[in-house]
1. Would you confirm, using the coordinates I've provided, whether residue 219 is modelled with pLDDT under 85 and out of contact with any strand residue (DSSP E or B) (no Cβ under 8 Å at 6 or more places or on another chain)?
2. Go through region 137-222 and tell me which helices (runs of 4 or more DSSP H), entirely inside it, have 3 or more residues that are farther than 19 Å from residue 117 by Cα and without any contact (Cβ under 8 Å) to a residue 12 or more places away in the chain.
């Protein structure tokens, strides 16, 4: 009979085997492919080059530009979503009549796929017949705006669309966190004469730290993988100002047909994601332990 130490592993074995088959094998195959000079147009003529594809990444200007945009995109989008999500969660947590209707309306963007969001906003922001152009003309603000072909505007447009699309998710998580907070600290603060903003900064925010970290982990991982919005709206342009890492991998592999280089970029990206996830998960475990103690 299995003892207490081996029993959990017996139950976990099917999941571990499935995980290795679904995740482990593709990762190992990807690492193998990254060691070859493989052109998509010449399948079957791969040439082993070792770590040459990884060494070339150091001087790859397109890669560094994509890293810069991806990090800026993830940081800006997640910060905006957390700030706005906190404000909305606090509002929705109030006992206001009709708030259920607004909760339902708020969740609507979650049902849309990234491609559908991109196509919708592409028509909305069209410089000739888009709804935004029409509204600007009606109110006399501007006659013609090329939102997606300006280097200064295009990244912020993508960030704004991402914030609009992901804000409901962030708000729902934070709202659930607010509803789970114990009432005793707030009642004690009210008796002591604390103001609302003092209760928020000194009680609500500290107690919500684990929830914020959960949101941070999920949204940062998701934002770093941005591809569909870039593909539909900007194709990495103007210039390379909105070329994300995921889009660069696709472009290198399927447009330039350099599958070896594309796989090397993907493997380096995977290592970065794993390390970042490990750090954020460690911080999350620490915050949960502090709250419990």
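The values are calculated or read from the model by the stated rules, or taken from the named source; none is laboratory data. The structure displayed is predicted, hence computed values, not measured ones. Note that we place each Cβ from the backbone using ideal geometry, even for glycine, and neighbour counts take in every protein chain shown.
1. So residue 219 does not fit the description; no.
2. Result: 184-191, 196-199.
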